[in-house]
1. For the chain, what's the relative contact order in percent, using C-alpha pairs closer than 8 Å and at least 6 residues apart?
2. Percent of accessible area on segment 350-420 owned by carbon and sulfur, 1.4 Å probe?
3. Based on Cβ point charges of +1 for Lys and Arg and -1 for Asp and Glu, what charge dipole magnitude is obtained for segment 45-150 about its Cα centre, in debye rounded to the nearest 20?
4. Taking the full set of protein chains and a 1.4 angstrom probe, give the accessible area of Leu150 in square angstrom, rounded to the nearest 10.
5. Please sort 288-296, 33-41 by packing, taking for each peptide the average over its residues of neighbouring beta carbons within 10 angstrom, highest first.
6. To the nearest 10 degrees, how steep is helix 338-347 against the longest Cα principal axis of the chain, on a 0 to 90 scale?
7. In what sequence, highest mean first, do 53-62, 206-215 appear when ranked by Cβ atoms within 10 angstrom?
8. Ignoring ligands, DNA and RNA, please state the percent of accessible area on segment 45-150 from carbon and sulfur, probe 1.4 Å.
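The values are calculated or read from the model by the stated rules, or taken from the named source; none is laboratory data. Fair warning: this is a prediction, and the values are worked out from it, not measured in the lab. Here Cβ is always computed from backbone atoms with ideal geometry, including for glycine, and neighbour counts include all displayed protein chains. Areas reflect the complete protein model, heavy atoms only, side chains present, ligands, DNA and RNA absent. Shrake-Rupley method; radii C 1.70, N 1.55, O 1.52, S 1.80 Å.
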Amino acid sequence: MSEATTTMAAREWPQALSKVPYWVFQDAEVYRAEQQNIFHGPFWSYLCLEAELGEPGDYCATFIGEQPVLVTRDFDGEIYAFENRCAHRGSLIAMDHYGHAKDFTCVYHAWTYNLQGDLTGVAFEEGINGKGGMGSDFCKRAHSPRRLRLANVHGLIFGSLDNDVPDIEDYLGQEILDRIERVLGGRKPVVLGRFTQNLPNNWKLYIENVKDSYHASILHLFFTTFGLNKLNQKGGIVVSESGAHHVSWSAINREAESGEHYKDQKIRSDSEYQLEDPSLVDSFSEVGDDITLQILSVYPGFVLQQIQNSIAVRQVLPTGVDTTDLHWTYLGFEEDTEEQQLVRMKQSNLVGPAGYVSMEDGAIGGFVQRGIAGASGEFATVQMGGQEAVSSESRVTEASIRGFWKVYREAMGFSIEESK
């Protein structure tokens with residue numbers, strides 16, 4: 001048991017998965033423990049796309065939690081990852097988010113690393129004229145940045161700082177692997193664009209939002225107004241056996257579009273808004289089935305999104321107790337026709353900080369963060385759909401949120417309150 005886990009054992013968590021204490025979004029001590037217990041713990045974190053490391057020498061500077069990480073493709077064709085921190089005095093080894101290099105030289109004192117992260121050169125190692133320099137017992141092999149364990153899932157590169165992490169196939173489970181394969185299997189992604197969205201809330205509030213299929217067609221006016229997603233459409237929730245990962249999916253259902261469920265609930269989605277350019281929502285079958293929406297999350301902070309033909313990966317990175325960076329990468333595929341790529345570019349307007357169906361997600365986490373100020377002793381309730389964290393044919397459920405908290409509270413080592 002780690003030191004951080006031992007510290008967290010003094011805190012009590014409700015036994016019911018449906019109660020979430022607000023202090024978990026507010027407490028600096030909890031935030032620090034997450035870096036150790038979760039992001040340095042036995043979990044797989046998304047790093048980048050294999051397609052972003054197409055040539056030997058390509059690299060990506062990214063993060064696991066707050067830990068800077070460098071991912072490279074060496075001239076042997078293999079992908080490597082190691083801490084982006086010079087073994088000498090701790091400076092970043094690479095500054096740019098993406099780039100191409102034969103090796104890396106720290107700007108501070110010119111210590112040099114190869115593409116596998118091995119320390120290969122130390123400026124003035126022998127000193128000058130026999131004076132100064134490193135001692136005779138200095139060994140460069142003993143001073144390389146820590147390497148990560150890596151896994152490649154249909155072109156998604158995951159890494160872990162803990163060598164005891166389970167194999168990625170066991171970690172994800174077959175249902176999640178199948179759903180990743182459905183979108184990415186047998187296709188080579190092409191990056192259409194990237195940006196970073198700064199969120200004014202704790203990272204876990206965004207993860208809750210991603211796993212919350214119940215909110216999507218209520219908060220997002222665009223979804224229901226233009227028939228992209230309604231809770232009465234054919235669909236469901238897949239919660240992995242561990243509870244850690246999830247998939248929410250739906251398929252177009254004309255019968256559901258004409259239903260009265262939303263009018264009965266007096267939800268504002270039944271509006272008179274019209275699109276100036278209706279072709280924005282014209283789409284093609286993404287992989288030959290009827291599914292038009294699939295949101296997939298991998299614990300702790302990865303999202304694979306299909307909304308119509310808008311395909312994107314999202315990387316959720318905590319930057320403070322109440323701040324989060326959300327990295328978006330929009331995807332097309334090499335075999336796309338020009339017409340299909342145009343559809344993807346148009347539908348890129350659906351998501352992101354100003355996206356028609358996701359702009360509200362960038363605000364709602366901040367509303368919650370502000371709303372719970374002064375309420376650290378209170379609890380959120382996530383009872384929709386029951387008390388368990390299991391798969392469901394209904395999307396009127398918060399089961400996948402409960403699954404996240406089930407894994408989270410165990411990883412953090414909180415004490416579970418006894419039932420009363």
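1. 23
2. Looking at segment 350-420 in its full context, I get 52 percent from C and S.
3. 440
4. Accessible surface of Leu150 is approximately 50 Å².
5. Numbers: 288-296: 18.4, 33-41: 21.1.
Taking the mean over residues of other Cβ atoms within 10 Å, the ranking is 33-41, 288-296.
6. Between helix and principal axis, roughly 80 degrees.
7. Values: 53-62: 18.1, 206-215: 23.3.
Final packing ranking: 206-215, 53-62.
8. Carbon and sulfur atoms account for 48 percent of the accessible area of segment 45-150.
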